[in-house]
Amino acid sequence: MEKIEKIEKAAKAPKPERQTYAVGDRVEKLCVPCQEERGHVVASVTKRGLISRVTCPKCNTRSSFSNGAKLTKGRSKSVNSEPYDRTRTYRTGQTMSHPIWGSGEVTALIEPRKIDVLFADRIRRLIHSRADA
Ligand SMILES: [Zn+2]
């Protein structure tokens, strides 16, 4: 019953470190209409996972994205915001602090009970206004 497998080899396979993106990811970019550097949502990517277009969730301006630009994925300013509460009713622009994803900003009301929230890494759809939860 003695069998030692060489799993160590497989676990140490080197992976090329290349950052790719998906639609819905968050990137920091200067928004000209908003006059501020803020989180944008990736709207489209190339086949190789490079960003081609981004959307500003605040003013809805869609702009092309230069992949040579400095990216700060996963970073967000720490904001003092209330913890996410699904029974609350949120409005666009409100901020929250989620137990898993950290601080987020409401970017859109999808349905009466659903909101899109931009977190540090990507946009996520949450429920809200659920008094019956
Ligand atoms: Zn904007």
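The values are calculated or read from the model by the stated rules, or taken from the named source; none is laboratory data. Computed from a predicted structure; not experimentally measured. Counting neighbours? That spans all protein chains shown, and the Cβs are built from the backbone with ideal geometry, glycine included.
Contact map, the range 40-60: residues that are in contact (Cβ under 8 Å) with a residue 60 or more places away in the chain and outside any strand (DSSP E or B) paired with residues that are surrounded by 14 or more Cβ atoms within 10 Å (Cβ to Cβ) and of a type in the set (Asp, Glu), Cβ distance under 9 Å, separation 6+ or inter-chain. Pairs shown: 57/105; 57/116. Counting the residues of the range 112-133 that are closer than 25 Å to residue 27 by Cα, without any contact (Cβ under 8 Å) to a residue 40 or more places away in the chain and more than 10 Å from the chain's Cα centre (by Cα) gives 3. Taken over the range 75-85, the criterion of being in a loop (DSSP other than H, G, I, E, B) and either of a type in the set (A, V, I, L, M) or at pLDDT 95 or above (or both) is satisfied by 79, 84, 85. Of note, residue 47 does not satisfy the criterion of being within 17 Å of residue 123 (Cα to Cα) and charged (D, E, K, R).
Out of 126, 118, one residue alone is within 16 Å of the ligand (Cβ to nearest atom) and modelled with pLDDT of 95 or more. It is 118.
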